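Quick notes on the structure that follows.
Any read-out appearing in this document is the output of simple, stated calculations on the displayed coordinates, not a laboratory observation. Predicted, not measured: the structure shown is a model, and the values here were computed from it. Cβ sites come from the backbone with ideal geometry, for glycine too, and all protein chains shown count toward neighbours.
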Amino acid sequence: MYKIVFMRHGESTWNLANRFTGWVDVDLTEKGVAEARQAGKLLKEAGFSFDLAYTSVLKRAIRTLWTTLDEMDQMYVPVKNDWRLNERHYGALQGLNKAETAAQYGDEQVLVWRRSYDTPPNPLEPSDPRASFNDPRYAGLAREQIPLTECLKDTVARVLPAWNDSIAPAIRAGKQIIISAHGNSLRALIKYLDGISDNDIVGLNIPNGQPLVYELDADLKPIKSYYLGDQSAIQAALAAVANQGKSK
Ligand SMILES: O=C(O)[C@H](O)COP(=O)(O)O
């Protein structure tokens, strides 16, 4: 049996402001840092010890990972930063307030943009200064690999190669792994691992900064999964994420 830990980053400044974030590189709030520390405490108490860590190239996930490993006194763990674990690109919605967008376009439309499997928000214009073409962290990518918007299906299409080429072989080689990533890149992975249908994935939300443990069989199929920590607080956090896209 293998175990892997997934974690969405702690609260970011744009989570606090309830803005669509995507590939915008915002930092953690103080609460977000505290969530990452608490995650480290829980993982330490549960006896976790990691050999390898994965994260995205966005600082909210990177700092969450550093803070969690620091709390565990495991900052020596090698870290692989992989752009394919980035948050789903939120296109032209990036920067907009989620509740205001729902008030303007309706809760149903915002739910489609946030949670449907295959409907992307409108794309950024290629000439938009928010496009990532000139960002040095993506310098090794072909232009067509750099999104201007994504639906979850697009995110699955880039996350799965990271799983298949890098993460899954490391698990099979016996590495104890933690992945610090984002709400929708983790939804993409969980959809795949748990075989969740395109319809049912709409109902899956991931709270900030809570370690999610997956136990996997020899074929890397999930045996069970559970969040560490206070279960009622986690349920409340999940409901809060779902409600971020409502006008009231
Ligand atoms: O990019 C964002 O806005 C968040 O990280 C995830 O947002 P969502 O829960 O609205 O998809």
In the stretch 1-27, anything within 14 Å of the chain's Cα centre (by Cα), of a type outside the set (Gly, Ala, Ser) and not in a loop (DSSP other than H, G, I, E, B) is listed as VAL5, PHE6, MET7, ARG8, ASN15
Among (1) exposed (fewer than 13 other Cβ atoms within 10 Å of the Cβ); (2) more than 15 Å from the ligand (Cβ to nearest atom); (3) under 28 Å from VAL202 (Cα atoms), there is one condition GLU108 misses while meeting the rest; what is its number? (2)
Taking only the stretch 1-17 into account, find how many residues are in contact with a strand residue (DSSP E or B) (Cβ under 8 Å, 6 or more places away or on another chain) and crowded, with 17+ Cβ neighbours inside 10 Å. 10
Counted residues, the stretch 93-131 - those being of a type in the set (A, V, I, L, M), without any contact (Cβ under 8 Å) to a residue 60 or more places away in the chain and farther than 23 Å from ASP25 by Cβ: 1
Being under 14 Å from ASP82 (Cα atoms) and either within 15 Å of the ligand (Cβ to nearest atom) or touching a residue at least 60 places away in the same chain (Cβ under 8 Å) (or both) is the filter here; which residues of the stretch 157-176 pass it? ARG158, VAL159, PRO161, ALA162, SER166, ILE167
Please go through the stretch 19-35 and give me each residue that is within 14 Å of the ligand (Cβ to nearest atom) and small (Gly, Ala, Ser), ordered by number. GLY22, GLY32
Can you confirm whether the stretch 43-57 contains a residue that is more than 25 Å from SER166 (Cβ to Cβ), part of a loop (DSSP other than H, G, I, E, B) and among the charged types (D, E, K, R)? no
Within the stretch 222-248, how many residues are outside any helix (DSSP H, G or I) and within 15 Å of the ligand (Cβ to nearest atom)? 4
On the given criteria, is ALA61 part of a strand (DSSP E or B) and of a type in the set (A, V, I, L, M, F, W, C)? no
Search the stretch 72-91 for residues that are among the aliphatic types (A, V, I, L, M) and pair each with any residue that is within 13 Å of the ligand (Cβ to nearest atom) and part of a loop (DSSP other than H, G, I, E, B) when their beta-carbon atoms are under 7 Å apart and the residues are at least 6 apart or on different chains. LEU85/SER56
Go through (1) hydroxyl-bearing (Ser, Thr, Tyr); (2) surrounded by 20 or more Cβ atoms within 10 Å (Cβ to Cβ); (3) not in a helix (DSSP H, G or I) for THR119 and report which single condition fails. (2)
